[in-house]
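Worksheet: one structure, shown below.
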Amino acid sequence: MNSSTAPRDSHLSVAAITLFGLVGPYTFLISPVIAGQMAVQMDWSPGTIGLLMAGELAGASLISIPAVRMLRALTPRRLVALATLIFILANLLSAVTTTISWFLAARVAAGAAGGVLSVVCLLAAARSENPPRSFAFWTGGQTVTAAAGLLYLPDLFPKTGLGGLYGALALAALLALPFLNGFQADKMLPPQADGQPTRPAARLNMLAIFCFYVAIGGGWAFLGIPGSDIGFSEAEIGILTSGAMGVSVIGSFLASYTGGSAWQGRWSIGSYIGLIGCLATLALTKDHLSFSAATILLQILWAFLLPMLLAALADSDEHGAMVILSNMIIGGGAALGPLLAGYTIDWSGYGAVVVEGVALFLVSAAAYGWARWRSNGETVQASSHSLSHG
């Protein structure tokens, strides 16, 4: 190992993946409270707010392909340092501007910079000695900080406004810079890394992740509808969802210890079954306790299964290109889920969203299982090929 390269699973590398992995997508994770504050503080219409959020998400997703080129030209440390600088400047501009055009430009730049940070963190986690553990810290850091934001920002906004949030994001990115050495100092991708054929198992795992995000995104985004139908207030729904996100760190913790075991496939399929049960409970129950339990379990299983899916993709993606593109797939699935669910609710109510979610979870589980079967077959075939030429 190069002496300038941080150990794959050192405490510093895990801290870097966790800290830089949470600042980039943070505004997306707390988008409900941001949207409300934009409407109150800026008096922007829902269409304008949607455009601003879509622009930031598009910047984060579409940067994935250029990131392949950037990782061929720059070391991860240099690329993260550059992206962090742009992220800080874009958030500072967001904190002081009130013009929609400048604000949109700043959010697109912040989204793109955050997308680069996510790409590097995803690839670093995939290259670690224990990918499920690294991905678990990546998701765990996001869920805990998002829960805190959903809980406390509504009380802080009257004092600080949106500027306080974006200034805090710039400060958080600045404070993460001392952990920059957690990323390796040599290049992650060889020049030919993005020109290699993609294994079928990697494409199947990508499909599993996409369907997972569409299903979970739609069900989670409009969870307040069935909640209000059985008597929960908006404040109670906010407390319940933020608490569920905080408790979901249990799922990340469990994933860090069960990932890579012989039972990983069974745990993953069991999680799909649990998620389907949670969605059905949210739509059908009239009991507050059952609804609350289903909401909390949904988040725990979400945080548990996602590292497994990402680790499976990393295991089936020899050259790393598909892991990089997973940033785009995650963003696309996260955006499509609420959009599809919103139109479905207009058409037929939350029950139809549950039917869609169940169908998507089944497709995701089938793709994941098929990918595991293909990966095992490709591994056996490669071993036989090596022995025949040994």
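The values are calculated or read from the model by the stated rules, or taken from the named source; none is laboratory data. This structure is a prediction, so every number in the text was calculated from the model and none was measured. Reconstructed Cβ throughout: ideal geometry from the backbone, glycine too, with neighbour counts over all protein chains shown. For accessibility, only protein heavy atoms count, side chains too; no ligands or nucleic acids. Shrake-Rupley method; radii C 1.70, N 1.55, O 1.52, S 1.80 Å.
The number of residues in the range 147-181 being hydroxyl-bearing (Ser, Thr, Tyr) and either open to solvent by 60 Å² or more (accessible area, probe 1.4 Å) or over 21 Å from the mean Cα position of the chain (by Cα) (or both) comes to 2.
Of the residues making up the range 309-351, those that are in contact with a Pro (Cβ under 8 Å, 6 or more places away or on another chain) and surrounded by 24 or more Cβ atoms within 10 Å (Cβ to Cβ) are Leu310, Ala311, Ala314.
Among the residues of the range 108-138, those identified as among the polar types (S, T, N, Q) and more than 15 Å from Leu180 (Cα to Cα) are Ser128, Asn130, Ser134. Can you confirm whether the range 197-210 contains a residue that is crowded, with 18+ Cβ neighbours inside 10 Å, within 21 Å of the chain's Cα centre (by Cα) and not in a helix (DSSP H, G or I)? Among the residues of the range 197-210, not one is crowded, with 18+ Cβ neighbours inside 10 Å, within 21 Å of the chain's Cα centre (by Cα) and not in a helix (DSSP H, G or I), which makes the answer no.
A quick yes/no check of all residues on (1) without any contact (Cβ under 8 Å) to a residue 12 or more places away in the chain; (2) closer than 29 Å to Phe210 by Cβ; (3) not small (Gly, Ala, Ser):
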residue	(1), (2), (3)
Met42	no, no, yes
Gly50	yes, yes, no
Ala67	no, yes, no
Val80	no, yes, yes
Ala83	no, yes, no
Ala90	no, yes, no
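In the range 264-281, the count of residues that are open to solvent by 60 Å² or more (accessible area, probe 1.4 Å) and free of Cβ contacts under 8 Å to residues at least 12 places away in the same chain is one or more.
Within the range 139-147, can one find any residue that is without any contact (Cβ under 8 Å) to a residue 40 or more places away in the chain, within 21 Å of Met38 (Cα to Cα) and part of a helix (DSSP H, G or I)? Give the steps one after another, and end with the answer.
The initial filter retains those residues of the range 139-147 that are without any contact (Cβ under 8 Å) to a residue 40 or more places away in the chain, namely none.
Scanning the range 139-147, I find no residue that is without any contact (Cβ under 8 Å) to a residue 40 or more places away in the chain, within 21 Å of Met38 (Cα to Cα) and part of a helix (DSSP H, G or I), so the answer is no.
Of Val120, Val144, all but one fail to be surrounded by 24 or more Cβ atoms within 10 Å (Cβ to Cβ) and either within 23 Å of Ser316 (Cα to Cα) or at pLDDT below 90 (or both); the exception is Val120.
Report yes if some residue within the range 216-228 is without any contact (Cβ under 8 Å) to a residue 40 or more places away in the chain and open to solvent by less than 50 Å² (accessible area, probe 1.4 Å); otherwise report no. Yes, there is a match, as at least one residue in the range 216-228 is without any contact (Cβ under 8 Å) to a residue 40 or more places away in the chain and open to solvent by less than 50 Å² (accessible area, probe 1.4 Å). Only residues that are in contact (Cβ under 8 Å) with a residue 40 or more places away in the chain and over 21 Å from Ala110 (Cα atoms) were counted in the range 149-169, giving 2.
Beta carbons closer than 6 Å, at least 6 apart along the sequence or on distinct chains, pair a first residue in the range 15-36 that is free of Cβ contacts under 8 Å to residues at least 40 places away in the same chain with a second that is open to solvent by less than 30 Å² (accessible area, probe 1.4 Å) for Ala35/Ile49.
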